[in-house]
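Q: Supplied in structure tokens, the structure appears directly below.
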Amino acid sequence: MTRHQPLIALVGNPNAGKSALFNAITGARQKIANYPGVTVERKSGRFSFADGRPGELIDLPGSYSLDPTSPDEAVTRDVVMGCQAGERQPEALIIVLDSANLDQHLVFALELLALGLPTVVALNMVDLAERDGLTLDAARLAADLGVPVIPTVAVRRKGLTELAAALDTVILAKQAPQAPLGEPDMRARRRRAETIAHAAIVSQTDSRRWTDRADGVLLHPFAGPIILFALLFVIFQAVFSWASPFADGLEAAAAALSDLASATIPEGFFRSMIVDGIIAGVGSVVVFLPQIIILFFFILLMEATGYMARAAFIMDRMMAGVGLSGRSFIPLLSSFACAIPGIMATRSISDEKDRLTTILIAPLMTCSARLPVYTVIIAAFIPQVAVGPGIGMQGLVLFGLYVFGIIGAMVVALVLRSTVAKGGASGFLMEMPKYQLPRITDLALGLWQRAALFLRRAGTIIFAVTIGLWLLLTYPQVPAGSSMSQSEYSAAGRIAGVLEPVVAPIGFSRDIALALIPAMAAREVAVSALATTYAIDAPDEETEALALGERLAGRWSLPTALAFLAWFVFAPQCISTIAVTKRETNGWKWPIFMLAYLFGLAWVAAGITFWTATALGL
Amino acid sequence: MLLDQLPTGQRAEIAAIDWSVLPSDEGKRLRALGVDEGASVSIRHRGIFFGRDPIALSIGRMTVAIRRAHARAITLREPKFGAEAAE
């Protein structure tokens with residue numbers, strides 16, 4: 001039985017509290033998908049009318065008008081006008097207005113009302129407006145707009161019943177807006193919006209007092225950046241230290257699962273595939289879940305409070321230096337944990353060229369998967385000596401690798417902006433919202449959705465890729481009694497044979513070439529791959545790393561080790577990043593470009609390191 | 001006077017905007033935010049120490065960040081002295 005469910009769209013300016021209203025109406029009954037062909041999220045959810053009939057609510061991207069300036073705004077226009085592929089035209093609209101910013105938000109509302117769809121207006125955040133000394137006459141507004149106007153406070157679920165009832169009435173009556181509203185251009189609409197807003201305002205006092213006071217400190221030319229960097233420091237600390245017990249737990253769980261599978265599945269193809277392929281491969285990516293959740297907790301918190309726009313404001317000048325804008329700051333920051341959420345976060349960048357450049361340099365931010373590789377090599381080759389009070393040589397090298405990545409990213413951004421991503425200097429026009437207290441349930445919901453998205457990816461793309469890599473490493477199988485190891489004899493081993501002449505000039509042996517192949521799944525796999533190659537059988541990771549360090553110190557020269565570090569600063573050794581890039585850029589062109597330029601850079605960087613170190617007699 | 005020269009905290013009315021020097025999307029976005037001829041604006045904050053760029057503009061009940069390069073496309077009516085004291 002398929003019952004016709006009316007489709008209702010939530011529309012409004014950015015910062016109208018649309019998403020909070022959407023969460024309040026639909027609760028956890030939400031579905032996030034993509035509109036076909038574009039990287040714009042389609043957020044939909046179920047709700048019920050007063051009599052229990054179900055309806056579908058979609059949360060359209062916040063827009064300023066039906067004349068789009070970004071892919072997000074284009075989707076909003078196409079959906080409300082009924083010409084978005086794969087979407088029916090909504091039966092009714094809920095226009096969400098910020099009560100404290102009526103004259104601005106009514107401009108878009110007037111344009112939407114002229115479409116003639118049954119409409120209800122949600123006069124949202126009335127509580128904040130009242131706190132700021134603003135009293136509004138909803139009845140007067142309803143009379144002027146010709147549609148029902150319902151005062152709502154999304155975060156306290158106020159006005160939701162009334163909203164559903166009003167919606168029911170306008171849908172049943174197929175009630176189009178009643179006042180003549182066909183204002184042809186934006187200036188005329190703006191004048192009209194101001195008239196209507198002023199008529200609806202009963203009394204007002206100076207608003208934004210709290211926001212102005214906070215901005216006085218947070219946007220202060222000296223205190224502002226210091227506060228931002230202190231906050232970033234806390235976030236980094238949290239991502240790396242709070243996450244480790246959970247990551248250890250997940251690792252232990254993966255190990256237990258693989259023991260269980262080994263014990264229950266008979267030896268052979270399936271056991272090897274499940275234990276060595278799936279559990280090991282997917283497990284190595286899922287381990288990053290705690291870090292990603294902590295990172296997103298801070299990012300969602302910064303977004304919900306309104307601080308994110310201020311962080312972008314402070315960083316804009318520096319980003320402008322390499323042809324980007326403040327909007328690229330958050331995606332790049334996220335990439336220090338993992339490039340996958342970083343690249344996904346580029347969706348908020350409205351300029352296409354800016355977005356592309358940000359995606360292409362995101363893998364140069366030192367993600368946490370590089371840390372295990374760096375740690376092993378540094379411990380084995382860099383002496384533990386102090387170069388200054390409290391500054392150790394090893395820590396300095398690690399810090400240098402981070403800086404190396406950032407400088408590389410800046411240079412690449414500059415080059416890309418004047419070549420493949422050429423375009424006019426991007427602007428940085430951004431509304432700075434009022435500061436707000438975040439709502440815990442909205443944060444929790446957001447975190448849950450990010451985690452689910454990441455796990456779904458681990459369960460699909462990464463799953464498939466790890467099986468592919470496992471096949472390469474397992475077949476053909478080494479004949480009994482051969483002196484070759486399985487990894488040397490396998491298809492991957494033969495590929496390493498082909499790679500060897502390519503990487504020999506930069507100081508890499510065949511063993512290293514062989515370790516680089518499984519490390520395509522995730523960089524830190526290089527550690528266990530090297531351990532396998534040098535036949536280390538250690539009971540746990542720490543002893544493995546320690547034993548591996550000793551073995552490497554005996555076999556690699558210092559120039560080779562330094563070249564190996566330089567390689568990992570640039571090499572795109574993460575199939576998941578490539579897969580996400582393919583999805584976010586809608587094609588194979590840019591992921592292939594990314595692979596080529598990063599491998600090229602990695603080769604050159606490792607080469608220069610190797611040749612210089614050799615020439616210096618290290 | 002151009003917008004980027006307006007002293008912080010002082011209110012002024014926009015006399016003209018040279019749309020031709022703004023990228024078309026940027027112009028559209030400016031208009032959508034109400035930054036248009038006749039609008040009354042003031043500068044709330046300037047960016048961090050080097051360059052003091054971008055600037056945070058107060059328009060209506062909003063604060064909008066804009067780069068100085070684009071603020072230079074906006075010409076202001078000379079403010080009437082004395083009228084500012086009330087702000």
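The values are calculated or read from the model by the stated rules, or taken from the named source; none is laboratory data. These numbers come from a predicted model, not from an experiment. Neighbour counts run over all protein chains shown; Cβ positions are idealised from the backbone, glycine included. SASA here: full protein model, heavy atoms, side chains in, ligands and nucleic acids out. Shrake-Rupley method; radii C 1.70, N 1.55, O 1.52, S 1.80 Å.
Q: State, as an integer percentage, the relative contact order of chain A based on alpha-carbon contacts under 8 Å between residues 6 or more apart.
A: Contact order relative to length: 10 percent.
Q: Among the aspartates and glutamates, select those whose C-alpha is under 17 Å from the C-alpha of residue B:28, and discard any that sit fewer than 8 residues away in the same chain.
A: A:67, A:72, A:73, A:111, A:185, A:351, A:352, A:431, B:18, B:36, B:37
Q: Which value, in debye to the nearest 20, gives the size of the charge dipole of the protein assembly as shown about its Cα centre, when Lys and Arg are +1 and Asp and Glu are -1 at the Cβ?
A: The dipole magnitude comes to about 780 debye.
Q: Still on this structure, I have one more. Mind checking B:31-42 for the average number of partner chain beta-carbons within 10 Å of each residue's beta-carbon?
A: 4
Q: Using only the Cα atoms, work out Rg/Rh for segment A:7-207, with Rh taken as the Kirkwood radius, to two decimals.
A: The Rg/Rh ratio comes out at 0.94.
Q: Next up: When the gyration tensor of segment A:457-615 is built from Cα positions, what are the square roots of 5 times its three eigenvalues, in whole Å, from largest to smallest?
A: So the three semi-axes of segment A:457-615 are 25, 22, 15 Å.
Q: With unit charges on the beta carbons (Lys and Arg positive, Asp and Glu negative) and the dipole taken about the Cα centre of the protein assembly as shown, which residue among A:264, A:445, A:70 sits farthest to the positive side?
A: Selected residue: A:70.
Q: Same structure again: Let me know the number of lysine pairs in chain A closer than 30 Å at the Cα, not counting same-chain pairs under 8 apart.
A: Final tally of qualifying lysine pairs is 27.
Q: Rounding to the nearest 10 and keeping the result within 0 to 90°, find how far the Cα-based axis of helix A:541-555 lies from the longest principal axis of chain A.
A: 50 degrees
Q: Can you give me the accessible area per residue for chain B, using a 1.4 Å probe, in Å²?
A: Roughly 42 Å² per residue, with all protein chains present.
Q: How would A:198, B:70, A:220 line up by accessible area, probe 1.4 Å, largest first?
A: A:198, A:220, B:70
Q: Using a 1.4 angstrom probe with every protein chain in place, what is the largest-first accessible-area order of A:482, A:348, A:490?
A: From most exposed to least exposed: A:348, A:482, A:490.
Q: Let me ask something additional. Do any chymotrypsin sites (Phe, Trp or Tyr not before Pro) in segment A:124-229 lie in a DSSP loop with no more than 12 other beta carbon atoms within 10 Å, and if so, which?
A: Counting only loop positions with at most 12 other Cβ atoms within 10 Å, the chymotrypsin sites (Phe, Trp or Tyr not before Pro) in segment A:124-229 are A:222.
Q: Ignoring ligands, DNA and RNA, what percent of the 1.4 Å accessible area of segment A:101-155 is carbon and sulfur?
A: Carbon plus sulfur share of accessible area: 54 percent.
Q: Same structure again: Averaged across A:546-554, how many Cβ atoms of other chains sit within 10 Å of each residue's Cβ atom?
A: Whole-number average of other-chain Cβ neighbours for A:546-554 is 0.
Q: Next up: Where q = 0.07, 0.08, 0.10, 0.12 Å⁻¹, what log10 of I(q)/I(0) comes from the Debye formula for chain A, counting one point per Cα?
A: With no solvent term, the Cα-only Debye profile gives -0.53, -0.67, -0.95, -1.23.
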